[in-house]
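Accompanying notes for the structure given below.
Read-outs throughout are calculated quantities, based only on the coordinates presented, and are distinct from any laboratory measurement. Just so it is clear, the structure is predicted and the values come from calculations on it, not from any experiment. Virtual Cβ from ideal backbone geometry, glycine too; neighbours counted across all protein chains shown.
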């Protein structure tokens, strides 16, 4: 009488990573057929020496049932294959957009250390990510990071690193103003939504009487949605303007005031320059060496208050407000 089959097998690896496979080597005696149970892993259950693929982490039992004409027998190896999960690699995404105006060295990290970086031509290093934004061209660049743990399981992550330009910021021309001019809100920065400083201090109200005679620094700063900022700086001069008595002594008359558009200027002093600005300090009109009797036509301007500034040959400045209605 022929003997019963004796099941026996070995496994190519007992500790693997998700996505790996093992080879089962059947060494059974007197067996004519085989049936395997891989504990939920995938493979051909009737192969003599199957390859088994594991797609989930965990501990797996491997069972072999062998048969011949006299009967069958089985062998189970409990926990014979342990499948480890891949490390969950993550590149730090807190800031992946950089302004090319920034000349400070920047770096990017990941949650596991000791892996390999790959940025292609823009990032030559493999053990670290270190760069100066001002040396980069505008655009988006790929960056990947691969890490292998002590078991031999690997994980990776990929991102895009972007380099953008700072916003173009403009500040409209301002002044000069008389120290007797009324205070006004600073509204001449572009793009809108930024902040102003006057002589280095945050302020959005420009008051010539408060800042005083001389030159003053007005700066407008704007930050965009990428947290990139730009600024525009201007120096504004405040004149020590003449008093009412001095105005009268120079014989300045502007009439009619208010007017629907045209104003006549009469004066006795020699005038080297005439400028007209609106309430925001924007230059509306500029004329050199005007004569008494000059006709100022503002009929195409918006209604409101305007400031006429005369620079006399003596160096004095005379400023007078007019109303266009």
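Quick notes
- Take the Cα of residue 111, step 7 Å toward its Cβ, do the same at residue 268, and the gap between the two points is 8.5 nm.
- Identified option (computed mean projected area of the Cα convex hull in nm²; candidates (i) 27.3; (ii) 17.8; (iii) 15.4): (i)
- Debye intensity ratio in log₁₀ form over the Cα atoms of region 170-239, taken at each q of 0.11, 0.22 Å⁻¹: -0.25, -0.89
- When both region 93-143 and region 1-69 are represented by their alpha-carbon centers, they are found 48 Å apart.
- Here the relative contact order of the chain, from alpha carbon pairs under 8 Å that lie six or more residues apart, stands at 10 percent.
- Computed P(r) (all Cα pairs; region 39-126; 5 Å bins; percent): 3, 9, 13, 14, 10, 7, 7, 7, 8, 6, 5, 4, 3, 2, 1, 1, 0
- Overall size of region 201-325 from C-alpha positions, given as principal axis extents largest first: 56, 31, 23 Å.
- Global form of region 261-325, assessed from the alpha-carbon gyration tensor, a/c cut-off 1.5: prolate
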